[in-house]
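One structure is given here, and the rest of the page talks about it.
We did not get these values from a lab; they are worked out from the coordinates using the rules stated. From a predicted model like this one, the values you see are computed outputs, not experimental measurements. When we count neighbours, we look across all protein chains shown, and the Cβ atoms used for this are built from the backbone with ideal geometry, even at glycine.
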Amino acid sequence: MKYLQAWPDGDAPANVAAWLETATSNAIVDRARADQRRPADNFAEGEEDPVSLAMAVMRSTQFASAPAVSREVIDNLFALVSAEEAHLLRRRYIHNDTAAELAAELGISVANLDQRTTRAKRGLRDALTARPDLVEALRNPHPHVY
């Protein structure tokens, strides 16, 4: 299909085999990158995004001790990634700073901020695979970290 889109008039490249190999390689890379942008299906035997779980924990008002316990769980969660990534994720998702505000403050483009955020979330998700206890604390309506 890509071949026909690239040369609708039938004007083929000089080396069709090389073009086909390059187009196939690019398609594989594109597919792999697209898969990386999607939330991991195997995240701790569920499909929740760790940042979404953290936000749910922070907003829980079911128990009087929830805010203090939630802060402890969130601190443990963000300790799994670098301080810079933790700061970015906290500002973006816990404090609800807009991408434009945060990008302007950091002196980067919104696209660059989005890339950094995606990488930080991926790193956090990968780190949580080794911490099922923390995942359970995030899922629990009243986490016990004490």
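Please sort 91-102, 75-86 by packing, taking for each peptide the average over its residues of neighbouring beta carbons within 10 angstrom, highest first.
Descending mean neighbour count gives 75-86, 91-102.
Could you bin all the Cα-Cα distances of segment 74-146 into 10 Å bins starting at 0 and give me the percent of pairs in each, rounded to whole numbers?
Calculated over all Cα pairs of segment 74-146, the distribution is 19, 46, 26, 9, 0 percent.
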